[in-house]
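The values are calculated or read from the model by the stated rules, or taken from the named source; none is laboratory data. None of the values given here were measured: they were computed from a predicted structure. Every residue, glycine among them, receives a Cβ derived from its backbone with ideal geometry; neighbour counts consider all protein chains shown.
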Amino acid sequence: MMNSTRIFTLRKFSRLSLSRNHHVAIVGTGPSGFYTAKYLVEQNPDVKVDFFEKLPFPFGLVRYGVAPDHPEVKSACNTFEEVVQKTDRIRYFGNITISDDITDNQLSLEKLSSVYDAVVLAYGANSDNALRIPGENLQGVLSSRDFVNWYNGHPEFTNLHGTQFDLSKIKHVVVVGQGNVALDCARILAKSVEELQTTDISQHAIEALKNSSVETITIIGRRGHVQAAFTIKELRELTKIPNVSVNILKSELQAGWTKASQTEAENNRPKKRILELIDSISNSYKEKLDREISIRFLLGPKEIVPTLTDNKKIGSIVVTKNELTGEPHKQNSIATSEEITLPCDLLLKSIGYKCTPISKTLPFNIRANIIPSLHGRVVDDKDVTIPKLYVAGWLKRGPTGIIGSNIGDAKETSQSVLEDLSKLPIQSHEDPIEILKKDEKTQSIIQQSVTWEEVLKINQKEIENGQKLSPPKLREKFINVNDMLEIAKRSQ
Ligand code: NAP
């Protein structure tokens, strides 16, 4: 896949001998956290890992980001479960937020670093990029992250139900951005409820989709088709949705076929294959069936305009027609004087996720929105290593890549952790959780946390709740933290 090809220079994965049990905390339980834990415990029998997760339930992006109609990708959860089940050297502490604000279930990063030998930050991207155009705060303008978390039942995004996500009055959707997240959103909006209702999509999303009036979904890219970030499998999937027509304008392909674009496509087999598919879609214009997906290129968002009757609500988006300029692989879009207005009742900004620091004490690269690091070791602005602190996943390399991209990344970070731990002096070491339990301020946080056994109880209940529905679903996720905690702490 296009975005998964970043290659990490891996040093040889040597087994380093550690003189005692070393305790590593991993903040976040998405793919990068789990792969890091896997390589830490696999590569060294003296390492113990404790996970810290904000929500009671683990798996981050796999549970709340991957589209419900991609169960083969979601099955990564099984691999992660195995990582924990296979060893007693990994523990799980859910319902604990690592943050500077120390309230009920929040633990400071400083505290964590003081009791662990190493802390790996693997909490991913918790925000999104902004368009920075007028009208962005109108009702009906949402980020794809909001939408994805909503249909996947993330507890912090379910209250959007009934407000922005009432689909009964929405006819025209515009998705800005042409990555795979944009295509996920378009596909979920385009598919029939029958195709989705047996997946683990949340029931509130099914109800909203049942009432959907969506007729058109327009996915716009500011650059040309050669620069589109989506991959062939995801594009092909759109063309296979029953009763949905997918259209691409030939004129926009011609405009994007600059000399530089031709060079970009040369000697690039995956690119050539996707261009063939794009071309074949553009060659067979289809009349609108139940729904139409239009993939439009070289259109730059300029202004989001309210409806005539309600100046707080989105009615359309004005886009400029763009041209490409620049060297191959560095082509930029520039706006021409030509503008078009697209009717729009719901706008999904799918222009990339964004990472933010969880502590004021963390070094942070505000241009790339990542924690600066060298081989996974967190460094300050002078590239000086911050002791005990490591980073993995999107927080380390930016929000691109598929789940498998975390493998090389996690190997690199875990190797750095093991190398550094091997240099620590020999000393007896108390279990960090026991230290936290002795401290009056942190004792209750640990006591209220969710253990792995309790995760399994929540998991079982979700599967049972899914089975009770008609038709039965893979699972019905709890969308409320208190409901998860109630099941977790139930005596049997
Ligand atoms: P992405 O692949 O980085 O795509 C972001 C899109 O937003 C690009 O088309 C980009 O265009 C556009 N964009 C950025 N800023 C913009 C602006 N100001 N105005 C207009 N357009 C703008 O991001 P993503 O879709 O969020 O995906 C994140 C990662 O997850 C990707 O690596 C993706 O492949 C992966 N993912 C994979 C799957 C899957 O395998 N099925 C599913 C979901 C996500 P420019 O190129 O012009 O900047």
*Just checking, how many residues over the stretch 401-431 are more than 16 Å from the ligand (Cβ to nearest atom) and either part of a loop (DSSP other than H, G, I, E, B) or at pLDDT 95 or above (or both)?*
21
*When you go through Ile201, Ile219, Ile241, Ile232 one by one, which is the residue that is under 30 Å from Val62 (Cβ atoms), out of contact with any strand residue (DSSP E or B) (no Cβ under 7 Å at 6 or more places or on another chain), within 14 Å of the ligand (Cβ to nearest atom) and of a type outside the set (Asp, Glu)?*
Ile232
*List the pairs whose first member sits in the stretch 209-237 and is under 30 Å from Lys169 (Cα atoms) and touching a residue at least 60 places away in the same chain (Cβ under 8 Å), whose second member is in a helix (DSSP H, G or I) and within 13 Å of the ligand (Cβ to nearest atom), and whose Cβ atoms are under 6 Å apart, counting only residues at least 6 apart or on separate chains?*
Ile217/Ala186; Ile219/Ala182; Ile219/Ala186
*Would you mind stating whether Ser108 is hydroxyl-bearing (Ser, Thr, Tyr) and within 22 Å of the chain's Cα centre (by Cα)?*
no
*Quick one: is Lys396 assigned to a helix (DSSP H, G or I) and within 16 Å of the ligand (Cβ to nearest atom)?*
yes
*When the residues of the stretch 442-477 are filtered to those that are outside any loop (DSSP other than H, G, I, E, B) and of a type in the set (Gly, Ala, Ser), which remaining residue is farthest from the chain's Cα centre (by Cα)?*
Ser444
*List pairs: first in the stretch 131-148 and on the phi > 0 side of the Ramachandran plot, second of a type in the set (Asp, Glu) and at pLDDT 95 or above, Cβ under 7 Å, 6+ apart or cross-chain?*
Gly135/Glu303; Gly140/Asp345
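Each row is one residue, and each column tells you yes or no for (1) assigned to a strand (DSSP E or B); (2) out of contact with any strand residue (DSSP E or B) (no Cβ under 8 Å at 6 or more places or on another chain); (3) without any contact (Cβ under 8 Å) to a residue 24 or more places away in the chain.
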position	(1), (2), (3)
Ile281	no, no, no
Ile295	yes, no, no
Leu347	yes, no, no
Ile351	no, no, no
Pro357	no, yes, yes
Thr361	no, yes, no
